[in-house]
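Structure, as structure tokens:
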There are 2 protein chains.
Amino acid sequence: SLLVRAVAIEKEVPEEQRPDSFLRESDGASSTISSSSPSVRARFEKMIRDAQDDVCAALEVVDGAGKFKEDVWSRPGGGGGISRVLQNGAVFEKAGVNVSVVYGVMPPEAYRAAKGASVGNDGDVKPGPVPFFAAGISSVLHPKNPFAPTLHFNYRYFETDAPKDTPGAPRRWWFGGGTDLTPAYIFEEDVKHFHSVQKQACDKFDPTFYPRFKKWCDDYFVIKHRNERRGLGGIFFDDLNDYDQEMLLGFSTECAKSVIPAYIPIVEKRKDIPFTEQQKDWQQLRRGRYVEFNLVYDRGTTFGLKTGGRIESILVSLPLTARWEYNHQLKEGTEEWKLLDACINPKEWI
Amino acid sequence: SLLVRAVAIEKEVPEEQRPDSFLRESDGASSTISSSSPSVRARFEKMIRDAQDDVCAALEVVDGAGKFKEDVWSRPGGGGGISRVLQNGAVFEKAGVNVSVVYGVMPPEAYRAAKGASVGNDGDVKPGPVPFFAAGISSVLHPKNPFAPTLHFNYRYFETDAPKDTPGAPRRWWFGGGTDLTPAYIFEEDVKHFHSVQKQACDKFDPTFYPRFKKWCDDYFVIKHRNERRGLGGIFFDDLNDYDQEMLLGFSTECAKSVIPAYIPIVEKRKDIPFTEQQKDWQQLRRGRYVEFNLVYDRGTTFGLKTGGRIESILVSLPLTARWEYNHQLKEGTEEWKLLDACINPKEWI
């Protein structure tokens, strides 16, 4: 998001205990019990923390051996996060599921730039620094078996406070996120299943969502210097605010809930297929492409690295191991070539 | 270099044969025979091509098994290059030694920006696009043994033509380059030897060079998001033009000639030391840091990726394999910790 990228963040502090909420009291940290209509901030936080619990539990069941380790952190200025990582399990080489809830202050230029794009010139003059709230869940799951695909998902909510020097000006808010699949080998039934679950989640809210967000995803995850995508896509959207706020909260919730049914059955089917050293090498080459996309192009990663986000949480998206061969060439028609072809020429899977 | 970064480059074409020179006739492609004083362009091209031959020959001897494979390419607009890569040898997992000689046209803004920094406002007004010439040798050598260090070196020469609309305005020129060492484990005698050879090369030309270029190197190879360097430095300089041109050509030549005596004895001593799986993993983690620096910060790499340079030549600097562990921690006082400490707090080795 343009907004999130313009903000520098203070250094985080490790915490011993996981708080019930990272919200400030004034944001309704305790309102999930006392109030009948908690704020969108509070409900979004609850949604991502529930999703973190559910996804981690499901992944531990599939893995059978590995357990998530948790790091809790907070920021002096407000907010914090929970990073959970399962490393070197039986099925997953690295699986990270992070939530963060951050308060900050945004330079007025960034606010104006974002507002201008979405709302147009409405006559506000020279606002001061704008307080903001950002919450999100972010996850990358790298299995060991080259036939089991990598999954990434991220859902986030961004809100500015009403500017203090402009009485009556409203809060502004945006939703963003997506879920995408990165296999090293194509099983058409898997890719169809994955995209079908994304489409079902979208169709519950708006029939234009799936085609629009599927294309947005194909356009976003491009490794430009290779003119290929890192994987086979899914859905992606950013800076969404031109729909009903409750609808978009419901949509984000549905998308996050779709992660388990979209992904777990695929891993179950592929995690124990025997593979050769050559097939493992191909997976590792594709992991190298994943690293290239994340370090060179991914907005969240490059923004986080340049503004002092929690490095270990940001870079948990990188695979445990990756590979780069000079001038690697594929024979047309091979399974490896078919994957690369689908990364170069995105397909309609359903 | 600021200049080189501002220029978009056309797509390259593979060539069957290596030409004697990539220079245009007017630049004295054949003058090494016919003329008694060949141009700096011609002498720099000969220097880097000799260095490529010498370094590749020395590396093949050390490796004993692997052989360099060569790719020759040219650009429609003029110039070309020779990429040589030894992959999966007995000693080296990946060794790339590339030369390129490129002609292009620079937008006037880039020329003004660079000229302004080095020459100041000299009254030129609105120059048109400025033709330039850039030649360089670039190399990264990744050995297999975790006790044998990675080496990088790069020497380059940049020249603009006299602007066509400003009669009498001179050609401008710049030199840049450096050689730096990236071990996973410190052998003090190796690092001292390496830095001593760099200092000897520098001292032949100017006693201020080594201290100045050693610090420049420590300042350049910083992985900012980790607040650590990728390795133990060496020398680095960029956009150098405030010395005699012949002197800087001689200095660059001396630096390139110092690569073999600085590096080969170290590899010979360390290539066969037995190592554990844990030591290999540590080398792989440091290789991950190398990838982070090159993809996120290195100017040559990020410029090349964004302007359509030859991708395989640019990314040959990446290791064959690399590793990222979540929240990897070191025990103080271990050999791994000593390396990291020296990457965080650069030392005077001689």
- So B:ALA162 clears everything in (1) of a type in the set (A, V, I, L, M, F, W, C); (2) out of contact with any strand residue (DSSP E or B) (no Cβ under 7 Å at 6 or more places or on another chain); (3) touching a residue at least 40 places away in the same chain (Cβ under 8 Å) except one condition, right? Which one? (3)
- Residues within segment B:76-89 that are in contact with a Leu (Cβ under 9 Å, 6 or more places away or on another chain) and assigned to a strand (DSSP E or B), tallied: 3
- In the set B:SER313, B:SER317, B:SER252, the lone residue that is crowded, with 22+ Cβ neighbours inside 10 Å, touching a helix residue (DSSP H, G or I) at 6+ places or on another chain (Cβ under 6 Å) and not hydrophobic (A, V, I, L, M, F, W, C) is B:SER317
- Query: Do we find a residue being at pLDDT 95 or above, closer than 21 Å to A:GLY96 by Cβ and aliphatic (A, V, I, L, M) anywhere in segment A:241-258?
  - Reply: yes
- Out of all the residues in segment B:68-75, is one or more part of a loop (DSSP other than H, G, I, E, B), away from every other protein chain (no Cβ under 11 Å) and modelled with pLDDT under 95? yes
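Scanning segment A:8-28 for residues that are of a type in the set (A, V, I, L, M, F, W, C) and surrounded by fewer than 19 Cβ atoms within 10 Å (Cβ to Cβ), which turns out modelled with the highest pLDDT?
Ranking the candidates gives A:VAL13 first.
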- Message: With the structure loaded, tell me whether B:LYS144 is among the charged types (D, E, K, R), surrounded by 15 or more Cβ atoms within 10 Å (Cβ to Cβ), modelled with pLDDT of 95 or more and in contact with a Pro (Cβ under 8 Å, 6 or more places away or on another chain) or whether it fails that test.
- Response: no
- Message: Given the options A:PRO131, A:PRO211, name the one that is surrounded by fewer than 22 Cβ atoms within 10 Å (Cβ to Cβ), modelled with pLDDT under 95 and not in a loop (DSSP other than H, G, I, E, B).
- Response: A:PRO131
- Note on the structure: Within segment A:63-84, the residues that are surrounded by fewer than 22 Cβ atoms within 10 Å (Cβ to Cβ) and aliphatic (A, V, I, L, M) are A:ALA65, A:VAL72
- Item | Among the candidates A:PHE175, A:PHE194, residue that is touching a Gly at 6+ places or on another chain (Cβ under 7 Å) and either over 25 Å from A:GLN279 (Cα atoms) or not acidic (Asp, Glu) (or both) | A:PHE194
- Note on the structure: Of B:ILE266, B:ILE311, B:ILE350, the only residue that is aliphatic (A, V, I, L, M) and within 15 Å of B:ALA148 (Cα to Cα) is B:ILE266
- Of the residues that make up segment A:48-55, is at least one part of a strand (DSSP E or B) and farther than 15 Å from A:GLU268 by Cβ? no
- Query: Among helices (runs of 4 or more DSSP H) lying entirely in segment B:240-350, which contain 3 or more residues that are within 14 Å of chain A (Cβ to nearest Cβ), of a type outside the set (Lys, Arg) and within 30 Å of B:GLY176 (Cα to Cα)?
  - Reply: B:277-296, B:299-307, B:311-314
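Can you name the residue in segment B:56-67 that is in contact (Cβ under 8 Å) with a residue 24 or more places away in the chain and in a helix (DSSP H, G or I) and, of all such residues, is nearest to B:ASP27 (Cα to Cα)?
That would be B:CYS56.
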- Answer with yes or no whether B:LYS164 is modelled with pLDDT of 95 or more and over 17 Å from the mean Cα position of the chain (by Cα). no
- Message: I'm trying to understand the selection: among the residues of segment B:209-230, which are more than 14 Å from chain A (Cβ to nearest Cβ) and touching a Leu at 6+ places or on another chain (Cβ under 6 Å)?
- Response: none
- Just one of the numbered conditions (1) modelled with pLDDT of 95 or more; (2) buried (at least 16 other Cβ atoms within 10 Å of the Cβ) is not true of B:ASP53; which one? (2)
- Message: List pairs: first residue in segment A:81-108 and within 14 Å of chain B (Cβ to nearest Cβ) and closer than 17 Å to B:ARG323 by Cβ, second residue of a type in the set (S, T, N, Q) and assigned to a loop (DSSP other than H, G, I, E, B) anywhere in the structure, Cβ distance under 8 angstrom, at least six positions apart or on different chains.
- Response: A:VAL85/B:ASN327; A:LYS94/A:ASN88; A:GLY96/A:SER317
- Go through B:ALA201, B:ALA184 for me and flag whichever is in a loop (DSSP other than H, G, I, E, B) and buried (at least 17 other Cβ atoms within 10 Å of the Cβ). B:ALA184
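The values are calculated or read from the model by the stated rules, or taken from the named source; none is laboratory data. The structure displayed is predicted, hence computed values, not measured ones. Cβ: placed from backbone, ideal geometry, glycine included. Neighbour counts: every protein chain shown.
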